[in-house]
Amino acid sequence: MQTRVAVVFGATGAQGSSVLKALLADGTFAPRAVTRNPNSEKALKLKELGAEVVQADLQDVPSLKNAMNGVEVVFGVTDYYSTQGHTDETQLGKNLVDAAIESNVNSLPNTTRVSNGKYPNIHHFDNKAKIDEYLRDSKLPHSIVHAGLSLCSFGYLTLSPDSSSYDLTIPKYDLHSTQYFTWVERDLGQCVLALFKHYKDSSAVILGETLYAVSEKLTYPEYATVIEKALGKPVHCVSGPSSGMQELDDMYEFQSEFGMYPKTLALPDPRLERLGVKFSSMEMFAQEDLKKRFA
């Protein structure tokens, strides 16, 4: 039987490694991890886990084509913060689409368009939205995966000076507004795996669709309550001043005002649940991951 190969870009990052580990655990596909440096410590660990590791760079289209040679499905992701200019990420995503046969590209909404120009500086959202459009126009068989804010982003959770409580400070955010969260390490991989395994099934209705790998939607005070129960200390949630970075401030203000995704969105995504995806709860994340990190 011919080996079914799945390519994972960004394999050494949080999102790519989530997909790679899900593929390894399932066994349907042989995972091929793509990285710019196959000799890095993270890349070598992926090789030890059983993945094929190959070198490619999103700026080098021939290397992308080589990495996708003989594959069945592709998971692609771009990183705005590893590029040099505001629009570089868009070109990297286009390079990936141009080189791909079948792509599942992680994405975000076009904040400039949704806000009617009020928030034009959230480049890491708009770039991915443009890649979405390019992918749709390419007519390649694809599914687009939207994720929420990573639950492992702990930059705003700090211990008080006397160690009696925690502060959860979110810049520029209305605490009455909800936020979309994803346990990337646990849930993103199983979502992509489900799409890989069912893309040939016409009854699944996933090709050409945007699906939401979102674990849960909560307000930040609700999130603080979950953290408080897990850590056993009070968690004070406040809307803070500027983070010192305009793009990040605008991102939080946009999400607070407009919502990251449509407010009518059904969560968990029933289409992914029908494919067998079992999303994690915030309580599970807090007990199994957060508690260990802050023990």
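Observations, loosely collected:
- With all protein chains modelled, accessible area of Glu247 [1.4 Å, Å²]: 20
- Nitroxide proxy distance, nm - points 7 Å out along Cα→Cβ at Thr28 and Val61: 3.2
- Toward the positive end of the charge dipole of the chain, with +1 on the Cβ of Lys and Arg and -1 on the Cβ of Asp and Glu, the farthest Cα among Ile131, Leu151, Thr210 is that of Thr210.
- Average projection, convex hull of the Cα set of region 5-294: 15.4 square nanometres.
- Global form of region 183-295, assessed from the alpha-carbon gyration tensor, a/c cut-off 1.5: oblate
- Only helices enter this figure: runs of n ≥ 4 DSSP H residues, each worth -39500 (n - 2.57), summed and divided by the residues of the chain, yield -10500 deg cm²/dmol at 222 nm to the nearest 500.
- Excluding ligands, DNA and RNA, the accessible surface per residue across region 5-294 is 45 Å² with a 1.4 Å probe.
- Distance between the modelled labels on Val205 and Gln2, one decimal in nanometres: 3.1 nm (7 Å Cα→Cβ projection).
- Sulfur and carbon atoms: percent of accessible area, the chain [1.4 Å]: 50
- The residue among Val53, Ser256, Pro221 whose Cα reaches farthest toward the positive pole of the charge dipole of region 5-294, with charges on the beta-carbon of Lys, Arg, Asp and Glu, is Val53.
- Normalised contact order of region 5-294, rounded percent, pairs of Cα under 8 Å and 6 or more residues apart: 17
- Centroid-to-centroid separation of region 26-69 and region 152-214 [C-alpha atoms, Å]: 25
- Cα-Cα over 31 Å, subset of Lys47/Lys263; Lys65/Lys217; Lys130/Lys263; Lys65/Lys292; Lys21/Lys130: Lys47/Lys263; Lys65/Lys217; Lys65/Lys292
- Residue-span extension gain [Ser164 to Glu273] - 0.36 nm each, minus C-alpha spacing: 35.2 nm
- With θ taken as phi - 60° and the Karplus curve 6.51 cos²θ - 1.76 cosθ + 1.60 applied, the whole-hertz 3J(HN,Hα) list for region 170-176 is 10, x, 6, 10, 6, 5, 8 Hz, x standing for glycine and proline.
- Separation in nanometres of the label points that stand 7 Å from Cα toward Cβ, at Tyr156 and Ser40: 2.7
- Given +1 at the Cβ of Lys and Arg, -1 at the Cβ of Asp and Glu and no other charges, the dipole of region 247-287 around its Cα centre is 500 debye to the nearest 20.
- In a reduced charge model with +1 at each Lys and Arg Cβ and -1 at each Asp and Glu Cβ, the chain shows a dipole moment near 640 debye about its Cα centre.
- Each of Arg293, Arg32 has its accessible area taken with a 1.4 Å probe; listed largest first, they run Arg293, Arg32.
- Principal-axis tilt of helix 123-138 within the chain, Cα atoms, nearest 10 degrees: 30
The values are calculated or read from the model by the stated rules, or taken from the named source; none is laboratory data. Every value quoted in this text rests on a predicted model; they were computed, and no experiment measured them. Don't worry about glycine lacking a Cβ; one is built from the backbone with ideal geometry, like all the others, and counts go over all protein chains shown. With ligands, DNA and RNA removed, areas are computed over all heavy atoms of the protein, side chains included. Shrake-Rupley method; radii C 1.70, N 1.55, O 1.52, S 1.80 Å.
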